[in-house]
Amino acid sequence: MALWSILKVRVRASLRNFQRPLTTIASRVDERVRVRLGEVVGSGNVSSSLAVREQHGRDESFHACKPPDVVVWPENTAQVRQLARICYDHSVPMVPYGTGTGIEGGVVAEEGGVCFDLSRMTDIVDLHEEDLDVTVQPGVTRVALNTHLRHTGLWFPVDPGADASLCGMAATSASGTHTTRYGSMRENVANLEVVLADGRLLHTAGEGRHTRKTSAGYNLTNLFVGSEGTLGIITSATLRLFPQPEAVASAVCPMPSVTAAGECTLQLLRSGVPLARIELLDDVMMDACNRYKGLDYAVQPTLFLEFHGTPASVQEQIRTAEEVLSGYGAGQLRWALAASERARLWEARHQAYYAARALRPGSVGYVTDVCVPISKLPEVITTTKEDLIQSRLTGPIAGHVGDGNFHCILAFSEHGEQERQRITEFCHRLVTRALAVGGTCTGEHGVGVGKRGYLLDEVGETGLEVMRQLKRALDPKGLMNPGKVV
Ligand SMILES: Cc1cc2c(cc1C)N(C[C@H](O)[C@H](O)[C@H](O)COP(=O)(O)OP(=O)(O)OC[C@H]1O[C@@H](n3cnc4c(N)ncnc43)[C@H](O)[C@@H]1O)c1[nH]c(=O)[nH]c(=O)c1N2
Ligand SMILES: CC(C)CC(=O)C(=O)O
Ligand SMILES: [Mn+2]
């Protein structure tokens, strides 16, 4: 098929996703099943109310709501296993739900079924301070964990903007602004407890094991990291912890262009400065953040930087970074040294999504999430900025540039058909551009329903077939979060 025809088919498929109305799929959960589910969790922990189902049938993205038939709130792993067994016996789909902050429609109940809301499993089960690790249940969020750890001198660094559940973060292979230094969920999960579709219990690294490394057999832990609820329900995660840095300094640094910011980022990474954070916000994003958070930063492409270490090492890192920055035309750095100032700065970055949408009150957000080899970042981000202008789209750019990962946040009105089409076409061009230079269609948000059409291009026929074989082996009836990823 000619390239143009492929593009048209893809765009049409994406538009269908956009336009799908809120639908209620014929219930596959009959009264008999509902009663059995209620017997496991108790009547206060199961609901078929439309409001509750609609709330669970969508995430924070534009993807159309499809409510599950029933929502259950298990309180422990034994209950999750019993519920899964009932669903398995009756061939009912299961959709795990963390905090619903996903961006690719991961919790949308494509085929109805039972939504497992895990927010009532909130125990921090095992904290091994000497081993630098902790085991948490799926209702524990990243902020709750770090609040709990505050007085231990330890912390968990993976920080998506939202206060997501840590098991949901494992399920989507999330990352955040600290990933450039501390890694994403892929590097920071040591073990997972998983309830499989038929109710069996799996410990991906063996029960009770929490080592820094292992070479014992297949890496089942990282099979489940990023599996988006399609292989099983994560009922606990063992996570690596880090000592809280002794000294921290953050800075805001205006740059002459996104190209200069991208090239400067590369040079900073090559210089060996162990940057704790390096984020790019373009001029439109800076304007949005200023307005949304009442800030007064210059409206131009800007790097947000952070350095961690001993006081002496932070000073040295800053000296090297300033030398590099000045070579790329950086403006005056504005420092945020007090904890409260730093918190304000990073809160503005974490809420970039809402700031972008506030540029158009009442809008919904379409978020892109490409990641490219870091050497390709300046070129891809520059072309993307030009494409945005040519397409007459308002799409602030926010990037975890230290990882080669960036987002355009396209705020649009649900009623503007032509604009939707331009957005879909722009997003398709962006993913194609990223794939062409050895990149990925999603650096951190996952495939969900939004990126399914790109997996084949990215991993190839054999890659996709092996993924599907794994799925069939673990979920032979296709009940785990159907319609997602593969
Ligand atoms: C403002 C803002 C800012 C950001 C983000 C969102 C928003 C609204 N995100 C996206 C989102 O926070 C991220 O994908 C989280 O990992 C989602 O976690 P939830 O608990 O909300 O999962 P949610 O409930 O949304 O589910 C997401 C997927 O995981 C599955 N799932 C959830 N819990 C599970 C469990 N216990 N077992 C098995 N499957 C499970 C679900 O079935 C679904 O497929 C993000 N992301 C990112 O990586 N970096 C970022 O910087 C940001 N920033
Ligand atoms: C909604 C997205 C733009 C959130 C995200 O990944 C980010 O802000 O980095
Ligand atoms: Mn992000």
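The values are calculated or read from the model by the stated rules, or taken from the named source; none is laboratory data. Bear in mind that the values here come from a model prediction, so they are computed numbers and not experimental data. No Cβ is skipped: glycine too gets one built from the backbone with ideal geometry, and neighbour counts run over all protein chains shown.
Against the test of being buried (at least 20 other Cβ atoms within 10 Å of the Cβ), modelled with pLDDT of 95 or more and touching a Pro at 6+ places or on another chain (Cβ under 7 Å), the options Val70, Val108, Val95 yield a single qualifying residue, Val95. Please determine whether any residue of region 188-205 is within 16 Å of ligand 2 (Cβ to nearest atom) and among the basic types (Lys, Arg). Among the residues of region 188-205, not one is within 16 Å of ligand 2 (Cβ to nearest atom) and among the basic types (Lys, Arg), which makes the answer no. Just give me the residues in region 89-106 being farther than 20 Å from Val143 by Cβ and touching a residue at least 12 places away in the same chain (Cβ under 8 Å), in sequence order. Across region 89-106, the qualifying residues are His90, Ser91, Val92, Pro93, Met94, Val95, Pro96, Glu104, Gly105, Gly106. For region 45-59, filtered to residues that are crowded, with 18+ Cβ neighbours inside 10 Å and under 25 Å from the mean Cα position of the chain (by Cα), the residue that is farthest from Gly168 (Cα to Cα) is Arg53. Glu444 fulfils the conditions (1) over 24 Å from Thr265 (Cα atoms); (2) part of a loop (DSSP other than H, G, I, E, B) except for a single criterion, (1).
Residues are listed down the side, and each one gets a yes or a no for (1) in contact (Cβ under 8 Å) with a residue 24 or more places away in the chain; (2) among the hydroxyl-bearing types (Ser, Thr, Tyr); (3) within 13 Å of ligand 1 (Cβ to nearest atom):
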{"residue": "Tyr354", "(1), (2), (3)": "yes, yes, yes"}
{"residue": "Arg360", "(1), (2), (3)": "yes, no, no"}
{"residue": "Ser363", "(1), (2), (3)": "yes, yes, no"}
{"residue": "Val372", "(1), (2), (3)": "yes, no, no"}
{"residue": "Leu377", "(1), (2), (3)": "yes, no, no"}
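Scanning for something surrounded by 16 or more Cβ atoms within 10 Å (Cβ to Cβ), at pLDDT below 95 and closer than 15 Å to Leu281 by Cβ, does region 369-381 turn up at least one residue? No, region 369-381 contains no residue that is surrounded by 16 or more Cβ atoms within 10 Å (Cβ to Cβ), at pLDDT below 95 and closer than 15 Å to Leu281 by Cβ. Return yes when Gln421 is at pLDDT below 95, more than 16 Å from ligand 3 (Cβ to nearest atom) and either in contact with a strand residue (DSSP E or B) (Cβ under 9 Å, 6 or more places away or on another chain) or farther than 21 Å from Glu60 by Cβ (or both) and no when it is not. Yes; evaluated as a whole, the condition is true for this residue.
Output yes when any residue across region 279-286 is away from ligand 2 (no atom under 16 Å from the Cβ) and farther than 26 Å from Arg81 by Cα, and no when none is. Yes; the residues of region 279-286 include at least one that is away from ligand 2 (no atom under 16 Å from the Cβ) and farther than 26 Å from Arg81 by Cα. Would a scan of region 284-305 turn up a residue that is within 16 Å of ligand 3 (Cβ to nearest atom), outside any loop (DSSP other than H, G, I, E, B) and of a type in the set (Phe, Trp, Tyr)? The answer is yes; a qualifying residue exists.
Looking at region 27-41, can you tell me whether even one residue there is within 25 Å of Ser165 (Cα to Cα), modelled with pLDDT of 95 or more and among the basic types (Lys, Arg)? Quick ask: steps written out before the conclusion?
Step one: list which residues in region 27-41 are within 25 Å of Ser165 (Cα to Cα), which gives 37-38, 40-41.
Then drop every residue that is not modelled with pLDDT of 95 or more, which leaves 37-38, 40-41.
Adding the requirement that they be among the basic types (Lys, Arg) leaves none.
The answer is no, given that none of the residues of region 27-41 is within 25 Å of Ser165 (Cα to Cα), modelled with pLDDT of 95 or more and among the basic types (Lys, Arg).
Is it true that some residue in region 260-280 is within 16 Å of Gly399 (Cβ to Cβ), assigned to a helix (DSSP H, G or I), small (Gly, Ala, Ser) and touching an Asp or Glu at 6+ places or on another chain (Cβ under 9 Å)? Yes, that holds for at least one residue. None of Glu111, Glu104, Glu75 is within 11 Å of ligand 1 (Cβ to nearest atom) and either over 20 Å from Asn188 (Cβ atoms) or part of a helix (DSSP H, G or I) (or both) except Glu104.
Restricting Leu388, Leu377 to those that are among the aliphatic types (A, V, I, L, M) and over 22 Å from Pro274 (Cβ atoms) reduces the list to Leu388. Residues that are within 16 Å of ligand 3 (Cβ to nearest atom), part of a helix (DSSP H, G or I) and touching a Cys at 6+ places or on another chain (Cβ under 7 Å) within region 363-415 comprise Thr384, Asp403, listed in sequence order. Looking at region 138-220, none of the helices (runs of 4 or more DSSP H) lying wholly inside it contains 2 or more residues that are among the acidic types (Asp, Glu) and in contact (Cβ under 8 Å) with a residue 12 or more places away in the chain.
Answer yes or no as to whether Gly460 is buried (at least 17 other Cβ atoms within 10 Å of the Cβ) and either more than 20 Å from Ala170 (Cβ to Cβ) or at pLDDT 95 or above (or both). Quick ask: steps written out before the conclusion?
Details: buried (at least 17 other Cβ atoms within 10 Å of the Cβ): no; either more than 20 Å from Ala170 (Cβ to Cβ) or at pLDDT 95 or above (or both): yes.
Considered against the rule, which asks whether it is buried (at least 17 other Cβ atoms within 10 Å of the Cβ) and either more than 20 Å from Ala170 (Cβ to Cβ) or at pLDDT 95 or above (or both), Gly460 comes out as no.
Taking the listed residues His445, His400, the one that is within 16 Å of ligand 1 (Cβ to nearest atom), over 23 Å from Gly98 (Cα atoms), out of contact with any Leu (no Cβ under 6 Å at 6 or more places or on another chain) and not hydrophobic (A, V, I, L, M, F, W, C) is His400, with no other qualifying.
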